[in-house]
Each structure stands twice: as C-alpha cells, then as structure tokens.
Amino acid sequence: MKSRAFIAGCLGTSLTPDERAFFRDARPWGFIVFKRNTQTPEQTAALTAEMRETVGWHAPILIDQEGGRVQRMGPPHWPTYPPAHAFLGINDPVQQREIVRLSARLMAHDLKAVGIDVDCLPVLDVPVAGSHDVIGNRAYAHDPDKVARLGRAAAEGLLAGGVLPVVKHMPGHGRARADSHHDLPVVDASLEALRGHDFRPFRHLADMPMAMTAHVVFTALDQRHPATVSRRVVKEIMRGELGFDGLIMTDDISMKALSGGFAEKSQAAIRAGVDVVLHCHGIMGEMIAVAGAVPEMTGARARRAAMALARIRHEPEPLDVEAARAQLTSALALGGR
C-alpha cells in the first residue's frame, strides 16, 4: 500500500497504542519529532525505529534543528549549536562558509545517530528593517546572496552527514511583519522587490531536494491566499520562476496563519500544488482529518519524494567528531572578539 501525502508527529516519547494503530492505517509518508519527543539518545532512537515499524519501511523522520532558539535536541544529551546569525562574526568569508558547513555536519551526526534523517534547515529567509523577529537571528544575513552562500554550505554539511536539508520558508518569510504561528502575515512588496531580494536565495538553491512553504500572503502575486495554498505562488513562482523541482511540503498546517478546518486546509495546499502536508502536534483528531484529505503518494509527487530520499541513502562522510567540535567552538570564539 502506498504512503499518504502527509507528515505526522506524536505526543510523547513513545507511541501510544492508538498512535501505532493510526499510523499503520493512515500510512503517513514521514514523521516529525520535537523536544517533547526527544528525552535521551536511546529513547529517541527507539521512537524513530517504532515510527518506521508502523509503516513498514524506512520512512523519513524530520526535525527542526537549526541551532539557537530553534533546536529540538539539546543539553544535557546533545550540544548547543549557534544560531545562523552568529556566523557573521567570522570575518573571512571562506572560513565562514567552512564553519557553517561544519556546524551542519555535526548536527547531521547527532541526528543520524538517533534515526533522524531530514532537518528543516537551512533558513533562506532574508529579514528587512521592521520585519517580525520570528526569523531574526535564524537568518544567516540581511544580504540575499550571503544567505544563499551560507545556506548552501549548511545544506552541504547536512547532506555529507546523510541528512536531507529542507530549504525554508519558500518563497520567503523575511519581510513578514507578523509571526505566522499566530497571525497571517501580509507582504505588500512589489514583484520586482521580491525578485531582487526575497526570492534570490531560493533561486540559487533550486537544486535542493526539499522545500517548506511560507504561510504568507504576497499581494503582488495573490491578494487572498497565503503561499502555501496559492496555486499561483506554488505553480508559477516556486515551480516556474524559481525552478524548484524538489518535494514541496507545507509549514505546519496547524499554524494560525491558515484559516479553516484541517481537511479544508490540507486539500487547499494539495490543490495549490504542494506535495506533502505537515502536521506537527500529534493531536489525533487533527491527524485523522489531514490523513483523510490528502492523496496517496503517486505520480510526480512520488517521483519527487523518491528523488529526495535518494540524496541521503549513503554512508555519511567520515568525521572526527571531537576535532570538529573543537574547531567549531574555536572559530566562533575567535569570530566573536
């Protein structure tokens, strides 16, 4: 039986009998874990194995592990990683890129060890003056070309470690003046301004295997619908103008920026051209609604999913973890002087 086009989470550190039964029946394409799900390395590895057992294959398991304030796995069992903005303290652009890659490579090492093989990183959003700080120091820079360069370095580090990167939040959340977790951001910038700034990093990284949408209205493109549920933004901008042929997933379908019920929101995203719907909170009634609204993974959707996963099915690049951690710490300390 084919997987269905959604990604789901669970409530705790192991699956309940109801969750196991639901996942076996609903067959999500992938899973996502959060801080609530990751207590220790041993427990997290057991949970990811249990998730995959319910669907009968090595399904992708995602996490938001950026560093800084968005880090689901942290002390005491995992190291703290810097936010993206911290790398700007390294003045040498060659070393800066190397250290961004190294940080992502180390994160991949941590994730792979517990069965997680997709990281929702890099953030390619480019903040502007007056924008909401929901992105803030999660951004690599305020210059779109520097964001593209450092975002690619992070993606390379993850891929080298056998972890799939997800570029986000396409086609750009940096200009938003509201947090889409709570409100619907509306961006009134001209299409010319968006092309010259917000879209640039995504165009440069159009070869990446996966992308996450932004729950943002761009009035120059669609005055009513956020990008996630806008056919024009997904088809004409993401697929067309930006040339992205990888798997497109929604940001969390639970976020308050999107209106309507879970089935309605999920169907709207699929109709717009999104491949996979993301539901994060593990609330059973919501997951049931999402699962009932999305199609099976067939056709172009299945092709893009297979091509994405093929990028991570390899032996990770060799890494001296202790030496790499020392190098990262030293570079950031020197850069901060």
Please specify each residue of the stretch 10-64 satisfying the condition of being part of a loop (DSSP other than H, G, I, E, B), among the charged types (D, E, K, R) and either out of contact with any Leu (no Cβ under 9 Å at 6 or more places or on another chain) or more than 15 Å from residue 110 (Cβ to Cβ) (or both). 27
If I filter the stretch 292-299 for residues that are of a type outside the set (S, T, N, Q), assigned to a loop (DSSP other than H, G, I, E, B) and either closer than 24 Å to residue 33 by Cβ or touching a Phe, Trp or Tyr at 6+ places or on another chain (Cβ under 9 Å) (or both), do I get at least one hit? yes
Residues of the stretch 269-281 being in a loop (DSSP other than H, G, I, E, B) and either basic (Lys, Arg) or more than 25 Å from residue 306 (Cβ to Cβ) (or both), in sequence order, are 281
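One line per residue, one yes/no per condition, for (1) buried (at least 18 other Cβ atoms within 10 Å of the Cβ); (2) in contact with a helix residue (DSSP H, G or I) (Cβ under 6 Å, 6 or more places away or on another chain); (3) of a type in the set (A, V, I, L, M):
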{"position": "147", "(1), (2), (3)": "yes, yes, yes"}
{"position": "157", "(1), (2), (3)": "yes, yes, no"}
{"position": "169", "(1), (2), (3)": "yes, no, no"}
{"position": "183", "(1), (2), (3)": "no, no, no"}
{"position": "195", "(1), (2), (3)": "no, no, no"}
{"position": "245", "(1), (2), (3)": "no, no, no"}
Would you tally the residues in the stretch 303-330 being surrounded by 11 or more Cβ atoms within 10 Å (Cβ to Cβ), more than 26 Å from residue 80 (Cα to Cα) and under 19 Å from the mean Cα position of the chain (by Cα)? 8
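Conditions tested, residue by residue: (1) at pLDDT 95 or above; (2) surrounded by fewer than 23 Cβ atoms within 10 Å (Cβ to Cβ); (3) over 17 Å from the mean Cα position of the chain (by Cα).
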| position | (1), (2), (3) |
| --- | --- |
| 233 | yes, no, yes |
| 255 | no, yes, no |
| 258 | no, no, yes |
| 293 | yes, yes, yes |
Starting from the stretch 281-295, keep only residues that are at negative phi, then list their pairs with residues that are exposed (fewer than 15 other Cβ atoms within 10 Å of the Cβ) and part of a loop (DSSP other than H, G, I, E, B) whose Cβ atoms are within a distance under 8 Å, requiring at least 6 positions of separation or different chains. 289/261
Quick one: residue 200 ticks every box in (1) touching a residue at least 60 places away in the same chain (Cβ under 8 Å); (2) more than 28 Å from residue 229 (Cα to Cα); (3) touching a Pro at 6+ places or on another chain (Cβ under 8 Å); (4) of a type in the set (D, E, K, R) except a single one, so which number is it? (2)
Residues of the stretch 54-104 being over 30 Å from residue 21 (Cβ atoms), within 16 Å of the chain's Cα centre (by Cα) and in contact (Cβ under 8 Å) with a residue 12 or more places away in the chain, which ones? 66, 67, 68, 69, 70, 83, 84, 104
Inside the stretch 77-105, can you point out the residues that are modelled with pLDDT of 95 or more, under 11 Å from residue 331 (Cα atoms) and among the polar types (S, T, N, Q)? 95, 96, 103
How many residues are under 19 Å from residue 182 (Cβ atoms), outside any loop (DSSP other than H, G, I, E, B) and not aromatic (Phe, Trp, Tyr) if we restrict to the stretch 226-268? 7
Please count how many residues of the stretch 12-21 are surrounded by fewer than 20 Cβ atoms within 10 Å (Cβ to Cβ) and under 19 Å from residue 1 (Cβ atoms). 2
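The values are calculated or read from the model by the stated rules, or taken from the named source; none is laboratory data. These numbers come from a predicted model, not from an experiment. Every residue, glycine as well, gets a Cβ built from its backbone with ideal geometry; the counts of neighbours run over all protein chains shown.
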